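Okay, structure first, notes after.
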Amino acid sequence: MENVSIADLWDRVTGTQPDPPWWLVLLVGVVALGAVAHGPTWRVARNTVTIAHEGGHALVALLTGRKLDGIKLHSDTSGVTVSRGKPHGPGMIFTALAGYLTPPLLGLFFALLLAGGRITLMLWFSLALLGGMLVMIRNAYGALSVIATGAVIFAVSWLGSAEVQAGFAYLAASFLLLAAVRPVVELQRMRARHMAPSSDADQLAHLTGVPGLAWVSLFGAVALVALVTGGALLVPDVSLPDLPGLPTP
């Protein structure tokens, strides 16, 4: 096996990679859209959104000084993050707010990295996030989900060709941007049927006095802005070939 020094590894992770061909970017965008729109596929792929959602709760809980007890991910794609601290106040508000905002903002951050050619950095940043989250997982299914996701990312980033890495990275970013919208729609649908009395939006309504629908609207607005902005960053430049006989500018 080839010896890789720390310096070589650092250069490999932080260096830039060439943009993938336009057809690959468009192809993985269509695949990502299909994964969100197709019900059976969505029920599996939604686990990725749950990981980001609960990871957002956990990270903000720590940043606001709350004590994080653990994270559980379930096979029905639900999850729960338990933290201790004041049951009210800014720390609790920001912790509750973070869940639905994390997937679209993470997708937008990934799009920014990819627009700058930082494909490997994006993949390894994802690994770092998963590694930090794994420490706080408190159930077997959750640990299996995080480990399996990390194993796929590591295999792609270490063994995959440049084109495979690029395709996977663009697929992940596109999926997060697209997938962030659907849970917000599902949330409001469940709230309308009185099936989600303890949702993040309703917890925020209890903490702030602002109606839950306003928080759902905020979640949706952030997801849509991230989708439009991130999509613009990911869309490739397609240069048309020069036509013979026409003067060039």
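The table below lists the values:
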| quantity | calculated |
| --- | --- |
| Residue within the stretch 39-47 that is of a type in the set (S, T, Y), touching a helix residue (DSSP H, G or I) at 6+ places or on another chain (Cβ under 8 Å) and on the phi < 0 side of the Ramachandran plot present | yes |
| Selected residue [touching a strand residue (DSSP E or B) at 6+ places or on another chain (Cβ under 9 Å) and farther than 22 Å from F109 by Cα] from R43, R66 | R66 |
| Residue, most open to solvent (accessible area, probe 1.4 Å), within the stretch 111-124, restricted to residues that are out of contact with any Phe, Trp or Tyr (no Cβ under 8 Å at 6 or more places or on another chain) and under 26 Å from G220 (Cβ atoms) | L112 |
| Residue match in the stretch 145-159 (condition: in contact with a strand residue (DSSP E or B) (Cβ under 8 Å, 6 or more places away or on another chain) and at pLDDT 95 or above) | yes |
| The stretch 141-154, subset touching a residue at least 40 places away in the same chain (Cβ under 8 Å) and either among the small types (G, A, S) or outside any helix (DSSP H, G or I) (or both), residue most open to solvent (accessible area, probe 1.4 Å) | S145 |
| Test: residue in the stretch 155-168 that is in a helix (DSSP H, G or I) and under 21 Å from A58 (Cβ atoms) | no |
| Any chance P18 is farther than 26 Å from M136 by Cβ and either at pLDDT 95 or above or open to solvent by 40 Å² or more (accessible area, probe 1.4 Å) (or both) | yes |
| Filter result for the condition that a residue is surrounded by fewer than 20 Cβ atoms within 10 Å (Cβ to Cβ) and closer than 26 Å to P183 by Cβ, over A37, A58 | A37 |
| Candidates R182, R138 - the one that is open to solvent by 20 Å² or more (accessible area, probe 1.4 Å), touching an Asp or Glu at 6+ places or on another chain (Cβ under 9 Å), modelled with pLDDT of 95 or more and within 16 Å of T50 (Cβ to Cβ) | R138 |
| Any hit, the stretch 236-248, residues being surrounded by 12 or more Cβ atoms within 10 Å (Cβ to Cβ), modelled with pLDDT under 95 and touching a helix residue (DSSP H, G or I) at 6+ places or on another chain (Cβ under 7 Å) | yes |
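The values are calculated or read from the model by the stated rules, or taken from the named source; none is laboratory data. This structure is a prediction, so every number in the text was calculated from the model and none was measured. For neighbour counting, all protein chains shown are included, and Cβ atoms are generated from backbone atoms with ideal geometry for every residue, glycine included. We work out accessible area using only protein heavy atoms, side chains counted, and drop any ligands, DNA or RNA first. Shrake-Rupley method; radii C 1.70, N 1.55, O 1.52, S 1.80 Å.
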